[in-house]
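Working notes, beginning with the structure itself.
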Amino acid sequence: MFPKYHRLHNSKEFLSVIRFSCAESSDFLQIFVKPNNLLYSRLGLIVAGKVERLAVKRNLVKRILRTVFSEHQKDFVGLDVVVRLRCAVTRGDVSRMKEEYKALLVKLHRCCE
């Protein structure tokens, strides 16, 4: 389970991370990062209905992204992360999306140091 205090909740939190201008993108994802003064990292997900029409698919993508983030959360302490899905993901693309996500997080962690 991904606890509530590890999530970004309102639009002010999302906008502050997006406006910080530390971002990377790939074919599937665009990730924004901002340092926070907390002892843990927080995640915000943007999966638009225009990109993934079916709620089932949107929820699956969010579940996958939360799982990958929680697996590597200890490596990214003190960061607020917003992940935006850029295009639809098929079943064959899931592993590629996961790898892109991990690679982008590593790049962005260096950016914020």
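Only the coordinates and a few stated rules stand behind these numbers; no lab work does. Bear in mind that the values here come from a model prediction, so they are computed numbers and not experimental data. Don't worry about glycine lacking a Cβ; one is built from the backbone with ideal geometry, like all the others, and counts go over all protein chains shown.
Size of the stretch 55-113 from its Cα atoms: along the principal axes, largest to smallest, the extents are 35, 17, 16 Å. From helices alone, the chain scores -12500 deg cm²/dmol at 222 nm; the rule is -39500 (n - 2.57) for each run of n ≥ 4 DSSP H residues, then divide by the residue total.
Summarising the strand pairing of the chain, around 60 percent of its internal DSSP beta bridges are antiparallel.
Ranking request for peptides 42-51, 3-12, 22-31: highest mean number of other beta-carbon atoms within 10 Å first, then the rest in descending order.
Ranking, from highest mean packing down: 22-31, 42-51, 3-12.
This model, with +1 at the C-beta of Lys and Arg and -1 at the C-beta of Asp and Glu, gives the stretch 4-111 a dipole about its Cα centre of some 340 debye.
Overall dimensions of the chain, expressed as equivalent-ellipsoid semi-axes from the Cα gyration tensor (√(5λ), whole Å, largest first), are 21, 15, 14.
The angle between the Cα long axis of helix 55-71 and the longest principal axis of the Cα atoms of the chain comes to about 40 degrees, rounded to the nearest 10. When peptides 97-108, 64-75 are ranked by their average number of other Cβ atoms within 10 Å per residue, the highest-first order is 97-108, 64-75.
Axis of helix 94-111 versus longest Cα principal axis of the chain: the two differ by about 20°, to the nearest ten degrees.
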